[in-house]
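See structure below.
A short reminder: the numbers here are calculations on the coordinates, not readings from a lab. Since the model is a prediction, treat every value here as computed from it, not as a measurement. We place every Cβ from the backbone using ideal geometry, glycine too, and count neighbours over all the protein chains shown.
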Amino acid sequence: MTNRTGTTPGLWLPGALPPARDPRTHDGKAVVVRIVAGVLLVPLLMIDMFFVGLSPMATDSCGPDNCSDALNQSLIAAPVFWLAAVVMLLVTWGLPARPRFRAARGWLAVASGVSGLATIAILANLPTG
């Protein structure tokens with residue numbers, strides 16, 4: 001379908017300005033949540049990953065086959081919580097900047113932080129082998 005100028009409606013032409021964002025369909029505060037979540041959580045997740053990488057050394061005294069079930073479960077749970085935090089942070093960034101996703105974006109950012117802190121809590125309280 002073309003209009004009287006011979007172009008398709010809604011087609012962006014080189015040199016033309018992009019269409020203005022409609023305030024009813026664009027959430028201007030989305031970038032704030034994304035930046036705050038990124039600034040706070042990326043360093044936390046890097047610290048988490050450092051400790052997740054060091055955590056298998058907790059099995060040095062008992063060997064991987066003779067450790068307690070509580071220690072093995074903690075060593076399995078920590079990377080799962082870390083990965084969940086990373087996925088939730090990426091989904092926070094990936095959600096469209098629409099007002100209907102504002103609550104989901106905020107809750108995902110908070111849940112990502114909780115999951116990152118849970119990773120530290122799990123690794124700080126590893127049971128003895």
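Just to confirm a number: summing +1 for Lys and Arg and -1 for Asp and Glu over residues other than residue 104 whose beta-carbon lies under 12 angstrom from that of residue 104, what do you get?
Here the count lands on +3.
In nm, what is the difference between 0.36 nm times the number of residues separating residue 76 and residue 93 and their Cα-Cα distance?
That pair, residue 76 and residue 93, stretches by 3.4 nm at full extension.
Looking at segment 72-129, what % of the alpha carbon pairs are farther apart than 12 Å? List each step's numbers first, then the result.
Working: 1077 of 1653 pairs.
Pairs farther apart than 12 Å: 65 percent.
For q values of 0.09, 0.17 Å⁻¹, compute log₁₀ I(q)/I(0) with the Debye formula on a Cα-only model of segment 21-129, without solvent.
For the requested q values the scattering log ratios are -0.31, -0.76.
With the dipole of segment 12-129 worked out from charges on the C-beta (+1 for Lys and Arg, -1 for Asp and Glu) around the Cα centre, which of 123, 71, 30 lies farthest toward the positive end?
Toward the positive end, the furthest listed residue is 30.
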